[in-house]
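Report on the structure given below.
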Amino acid sequence: MSESYLTTYESANSSLSTGDSGFQKFLKEAYQAPMLSQAQEYEYATRLREKNDLEAAHLLINSYLRYVVKVAREYRNYNLSLSDMVQEGTLGLMQAVKKFDPTRGNRLASYAIWWIRAAIHDYILRSWRMVKIATTQLKRQLFFKLRQAKESSALLTVVEAEELSKKFATDTQTILEVDSRMSGSDTSLNQPLLDGSGEMINLIEDQRPNQEASVIANDQKDKIHGFLKRGIEQLNPREQLIISSRFLQSQSETLETLSAKLSISRERVRQIEGAALKKLKKFFQDIPGGHDLVLEM
């Protein structure tokens with residue numbers, strides 16, 4: 001973000017962050033900013049595009065802040081802060097000004113409106129609980145469409161969902177699913193239980209292993225590691241290399257790779273591997289506690 005863009009944003013953000021009085025001041029200044037004629041807009045946009053004129057960028061942004069407010073007001077029924085939505089919309093406006101090409105013959109207003117809406121939509125999607133669950137593009141679109149189409153907060157009936165599914169070119173089940181998530185509410189895990197015996201969080205099973213289980217698992221892991229180390233030591237160097245390369249690495253090497261590395265045939269590598277595994281199996285059978293390793297081989 002260039003210096004002028006940053007200055008404009010920080011100025012707006014400062015006003016929006018000082019409470020209702022600051023926001024009212026911002027609104028007043030936004031509506032008092034002079035509207036630009038098409039000729040002025042073309043001049044400032046050209047200066048910005050060709051000369052990186054930061055003052056021209058500042059004038060363009062200020063003149064269209066009222067459009068940001070107008071668009072943000074359309075989303076008041078989402079129960080989010082109007083000032084926060086205006087702040088996000090201002091970022092969208094700045095991006096529009098930065099990318100606007102006056103030579104195409106369009107006014108900045110018709111171009112910027114899409115950037116402003118996109119920024120506010122993105123903010124709503126990040127903020128709403130249910131949208132975090134609606135991960136597909138279709139459901140994200142339905143979220144906004146249903147908010148506009150529904151006349152009340154009550155759940156849709158199947159008949160209503162069928163009608164909307166035709167209107168929005170999707171299936172009834174998807175409509176009902178998104179509507180259900182929109183109408184649902186978050187429940188605090190600290191909410192008291194009806195019998196007064198504690199909170200809801202107490203009903204959630206702790207999935208973490210207890211200390212005793214962790215100690216047993218670590219001991220078993222160390223034991224197996226020791227068995228493997230002792231078993232590998234029973235093999236000759238070539239057998240050790242083949243077993244380690246085939247079974248003890250995150251990515252096992254192929255017979256062809258080991259064949260080239262050891263300058264022997266692929267079949268010979270397979271034979272050495274088989275003989276080494278037999279040695280290991282016998283070693284584990286003969287030591288106390290090695291039975292589990294034999295079963296895994």
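Determine, at each q value in 0.18, 0.20 (inverse angstroms), the log₁₀ of I(q)/I(0) that the Debye formula gives when each Cα of region 3-127 is one equal point scatterer. Here log10 of I(q) over I(0) equals -0.91, -1.10. The spacing between region 217-258 and region 61-78, judged by their C-alpha centroids, is 66 Å.
The label-point distance for residue 81 and residue 46, in a model that sets each label 7 Å from Cα toward Cβ, rounds to 4.2 nm. Computed from label points 7 Å out along Cα-Cβ, the spacing between residue 265 and residue 31 is 9.2 nm.
If I stretch the segment between residue 223 and residue 279 completely, what's the gain in nm (0.36 nm per residue apart, minus their alpha carbon distance), one decimal? Provide the component values of the computation, followed by the final result.
On the way: separation 56, 0.36 × 56 = 20.16 nm, distance 1.93 nm.
Gain on extension, residue 223 to residue 279, equals 18.2 nm.
Read-outs throughout are calculated quantities, based only on the coordinates presented, and are distinct from any laboratory measurement. Bear in mind the structure is a predicted one, so any value in this text is a computation, not a measurement. Every residue, glycine as well, gets a Cβ built from its backbone with ideal geometry; the counts of neighbours run over all protein chains shown.
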